[in-house]
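Step one of this worksheet: look at the structure below.
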Amino acid sequence: MLDPQRSPSEDDPPLVLKGEPLLLPAGTVAAADADSWYYLRAHYLSESGQDLVGHLCPLGPNATQSFWDYIVMRPDVAGACQFKLEDTDDRGWSKWLIKADGNHLCLKATGWYYRASAYTARFAIIDGELHNDYWRGPAGAVYRSFLVSSGYYVGQDLGDRATLTNCALVPVGAEADAPAPPGAAEPRAVSPS
C-alpha cells in the first residue's frame, strides 16, 4: 500500500495501462443505461470523522487553477461530473465519459483520480464501492490542502478509513428525487488512521 499521507503533485504522471485488466471483484455491479448520464454520489469522511455525502467533481474548471484536472468529492451536485458509461468490456468494466469536457475518468500513476483524454482506465461500482480495472481495492477520498488546492481528493490506497461507501449512480435530472443513500442519517464507524 502507498503512503496514505501522500498528496497529489503537479508532477504526477498518468497511469499507463499495461497487461491484462483485473477481473471484477466479487459482488453486485451497479446497473447503468449506456444512453444515460449519471452523477456519482458517495459517502466519505471529513477530517474530523463526520460522515459526508457528496459527488465526484472536477477540482477546477480549467488549467488556470492548480490541480484543476484532479477529481475531488464535494457535497453539492452543482458542478459535479456527469458521466456516461461506455465501451463496457467483456469483464464488465466501463469507460466513464465526462460530459463537460469530453475527457474520461482516469488515474495518475500515483493513484489519484483525474480527467484525461489519452489515458483511460475503466471503472465499476461493486457493492457500493468504486473500483477500477488496474488498481486493486476501492477508491477513497482524503482532505489535502498543503501545497495543493484544498479539497477531498479521490484516489487509491488511501486506507480503509478513507474508502468511499454507498456509491451510487444517480441519473442526471433525478438527483432531487433520488433516495438518500443507505445510512445517510447514521454516522459511519471511524477507526484511527
(request) Please state the charge dipole magnitude for the chain, taken about the Cα centre, from unit charges on C-beta atoms (+1 on K and R, -1 on D and E), reported in debye and rounded to the nearest 20. (result) 240 debye
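Counting pairs of alpha carbon atoms under 8 Å apart in space and at least six apart in sequence, what relative contact order in percent does the range 26-101 give?
On the way: 122 pairs, mean separation 19.8, N = 76.
Relative contact order for the range 26-101 comes out at 26 percent.
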(message) Show me, for the range 40-53, the HN-Hα J-couplings you get by feeding each phi into the Karplus relation (A = 6.51, B = -1.76, C = 1.60, θ = phi - 60°), rounded to Hz, glycine and proline as x.
(response) 9, 10, 7, 8, 8, 9, 6, 4, 8, x, 6, 6, 10, 10
(message) Per residue of the range 75-91, what does 6.51 cos²θ - 1.76 cosθ + 1.60 with θ = phi - 60° give for ³J(HN,Hα)? Whole Hz please, x for Gly and Pro, Karplus curve as stated.
(response) x, 9, 6, 4, x, 5, 5, 9, 10, 10, 7, 9, 6, 5, 7, 5, 8
(request) For VAL172, list long-range residues whose amide hydrogen, built 1.01 Å from N in the peptide plane, is under 5 Å from its own amide hydrogen. (result) TRP37, TYR38, TYR39
(message) Quick check: the distance between the Cα centres of the range 24-75 and the range 95-113, to the nearest angstrom?
(response) 11 Å
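Residues of the range 1-91: accessible area per residue at 1.4 Å, in Å²?
On the way: 4980 Å² over 91 residues.
Solvent-accessible surface per residue comes out at 55 Å².
Find the eigenvalues of the gyration tensor of the Cα atoms of the chain, then list the square roots of 5 times those eigenvalues as equivalent ellipsoid semi-axes, largest first, in whole angstrom.
Details: eigenvalues 89, 85, 63 Å².
Ellipsoid half-lengths, sorted descending, are 21, 21, 18 Å.
Can you give me the % of accessible surface on the chain that is carbon or sulfur? Probe 1.4 Å, all protein chains present, nothing else counted.
Details: 4820 of 9370 Å².
Carbon-and-sulfur percentage of accessible area, whole number: 51.
Once you keep just the Cα pairs under 8 angstrom separated by 6 or more residues, what percentage relative contact order results for the chain?
Details: 434 pairs, mean separation 50.4, N = 193.
Relative contact order here is 26 percent.
The values are calculated or read from the model by the stated rules, or taken from the named source; none is laboratory data. Everything numeric in this text was worked out from a predicted model, so none of it was measured. Glycine also receives a Cβ, built like all others from the backbone with ideal geometry; neighbour counts cover every protein chain displayed. Quick note on the areas: whole protein, heavy atoms, side chains included, nothing else; ligands and nucleic acids left out. Shrake-Rupley method; radii C 1.70, N 1.55, O 1.52, S 1.80 Å.
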